[in-house]
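The values are calculated or read from the model by the stated rules, or taken from the named source; none is laboratory data. Just so it is clear, the structure is predicted and the values come from calculations on it, not from any experiment. Here Cβ is always computed from backbone atoms with ideal geometry, including for glycine, and neighbour counts include all displayed protein chains. What goes into the accessible areas is simple: the full protein's heavy atoms, side chains included, and nothing from ligands, DNA or RNA. Shrake-Rupley method; radii C 1.70, N 1.55, O 1.52, S 1.80 Å.
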Amino acid sequence: MNPTELWDFVETARDEVEDPTDTDAVVEALAAQLAERGPEDVLAFDAALSHLLADSYTTDLWAAAYLVNGGASDDGFDYFRGWLVAQGRDTFESAVGEPDSLADVPAVRAAMAAGEELESEAMLAVAWDVYESLTGDELPDTDRAALPQLEAMWDFDDEHEMRVRLPRLAALAYDED
């Protein structure tokens, strides 16, 4: 499955739900689509998703997740990227290309103002869950992309560094209204 086909699944799921910012509803609609397609398409979706997640495994996006969620462990960063996939192709690609662009996303602004975390473990597990429900077996670990080596990390608790690297998100995180 190529990235465009994966994004077609995600965008169709977003179109089918009443509120496309409701990540759980998007994942549920996506799971229903995948279940209709069968195990081979589920495997292909999982492989394509693993490549998207590998492409988004960057220090700068991790720093953005850290600001947005008030911290981001390894798992937290994974779950943030799951949430990001559920937001659709445009938001995902903008964030991967320029993590500070997340400051323009209304859900990000609202979550940061409310101190809420943006995460979706369910998006990361959707292929696993659907495959198991269709076959009774665990999803085989085939065609998954390896995560790349991260660029040098910096101290995500360093406010000055965050303001230099992610000025708009840092303003949302540190500046009072």
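Protein heavy-atom accessible surface, 1.4 Å probe, per residue over the chain: 51 Å². Spin-label model, A113 to T59: label points 7 Å out along the Cα-to-beta-carbon direction sit 3.3 nm apart.
GNM on the chain, alpha-carbon springs under 10 angstrom: the most fluctuating residue among S120, S94, S50 is S94. Overall, the accessible surface of the range 63-177 at a probe of 1.4 angstrom is composed of carbon and sulfur to the extent of 43 percent.
In this rough spin-label picture, where each label sits 7 Å from Cα along the Cβ direction, the E161-Q149 distance is 1.9 nm. Per-residue Karplus couplings for the range 90-101, computed as 6.51 cos²θ - 1.76 cosθ + 1.60 with θ equal to phi - 60°, are listed in order as 4, 5, 4, 5, 5, 5, 5, x, 8, x, 5, 5 Hz, Gly and Pro entered as x.
For the chain, modelled as a GNM whose springs connect Cα atoms under 10 angstrom apart, the maximal fluctuation among D137, D129, D60 occurs at D137.
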